[in-house]
Amino acid sequence: MAWRGLHFGEKLRYNAGMLTPAEEPTQAAETSPRQRQTERLKLSIPIRVMSFGGSAGDFVENTCTIIINRDGALIALKHRVAPDETLRIINLENFREADFRVVGEVRLQSEEYLGWGVECLEKERTLWDIEFPPPLDPAGLSAAALLECLGCGKQGLLVLNLVEVELLESAGTLQKLCDRCGHLATWSYADVTRRPKEIPPAAPQAPVSPVVGKWDGKVERRLYKRMAVKLRALVRNSKGDEEIVKTENLSKGGLALCLKMQLSLGEFVSVICPYSGGVQEFERKAEVRYRAPHVAGQNWFYGLRYFRE
């Protein structure tokens, strides 16, 4: 592994001690669609984070991502780092690695972990092995789904129209061009459950999700398979307030999304998904089962479970 000492040393010595308070999350960690170069994806990927001489000293920590895009991520760490410090991040799924700059701190719903926005310093490196589209219009009709080519294994957050979403829902597969295969190929939903292929001896503990807590890796805790799909949805609370956003993921039993709307655990809302603005669209009642502050603190991340009467 070729370390660039000057790159690490000068930056880390210059920025040592520049901490962002936990109660003041930075806006830079979650940029707006106009600032981001690509769409973001809520996905937990096991990673190894290494620091060399920063404010937290030398450390190696196994953890995972919370949100990713092509050029960066929101990650969770037990160690407190500082803005502008440089971290080495290894994707434990494919062992690709790159240097990342710490952008700022983001509050997490965890007493053990801190959230940090990071951006890749090596723009030619593709750490996540996922193709990302430009940012989607949050209220637009275009959808996106994390799909995998069954021919070559390539994964991408592909932009879809509503007809393609319906075909994918009914058949489970979709025919789209794959630039790696070089022809029309069959795509299906990519598995969102990510685990390391191998844990090197230096750090034998397996990374666990800092958001959902420890799991034995054996018991399936979800009744329905979860899919990374960004689909236009309308949410209406009991007061009649409405908000149109893109989902973060979907299953037959519910959905997850980010809203400015303030909802309480156990509260019931009305959901139309997919939502196109038509007059005859299927509306379902859903219960708020999960609630957490979202990255920059302006929105809330909700897990909604459809109510079965």
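The values are calculated or read from the model by the stated rules, or taken from the named source; none is laboratory data. Computed from a prediction, not measured in an experiment: that's the story for all the values here. Positions of Cβ are backbone-derived with ideal geometry, glycine not excepted, and every protein chain shown enters the neighbour counts.
One residue stands out in the stretch 38-55 among those that are surrounded by fewer than 21 Cβ atoms within 10 Å (Cβ to Cβ) and in a loop (DSSP other than H, G, I, E, B): the one that is modelled with the highest pLDDT, namely Glu39. Look at Arg96 and say whether it is free of Cβ contacts under 8 Å to residues at least 60 places away in the same chain and surrounded by fewer than 17 Cβ atoms within 10 Å (Cβ to Cβ). In short, yes. Residue by residue through the stretch 136-181, note down the ones that are exposed (fewer than 12 other Cβ atoms within 10 Å of the Cβ) and touching a residue at least 60 places away in the same chain (Cβ under 8 Å). If the condition is that a residue be exposed (fewer than 12 other Cβ atoms within 10 Å of the Cβ) and touching a residue at least 60 places away in the same chain (Cβ under 8 Å), then Asp137, Gly140 are the ones that fit. Scanning the stretch 123-135 for residues being part of a loop (DSSP other than H, G, I, E, B) and surrounded by 15 or more Cβ atoms within 10 Å (Cβ to Cβ) gives a total of 6.
Scanning the stretch 56-76 for residues that are without any contact (Cβ under 8 Å) to a residue 40 or more places away in the chain and within 15 Å of Glu105 (Cβ to Cβ) gives a single hit, Ala56. Of the listed requirements (1) loosely packed, with under 14 Cβ neighbours inside 10 Å; (2) in a strand (DSSP E or B), Gly117 misses just one: (1). Among strands (runs of 3 or more DSSP E) entirely within the stretch 225-309, having at least 1 residues that are under 22 Å from Leu74 (Cα atoms) and not β-branched (Val, Ile, Thr) singles out 242-251, 254-259, 283-293, 300-306.
Among the residues making up the stretch 69-93, those that are outside any loop (DSSP other than H, G, I, E, B) and either more than 14 Å from the chain's Cα centre (by Cα) or surrounded by fewer than 24 Cβ atoms within 10 Å (Cβ to Cβ) (or both) are Asn69, Leu74, Leu77, Thr86, Leu87, Arg88, Ile89, Ile90, Asn91.
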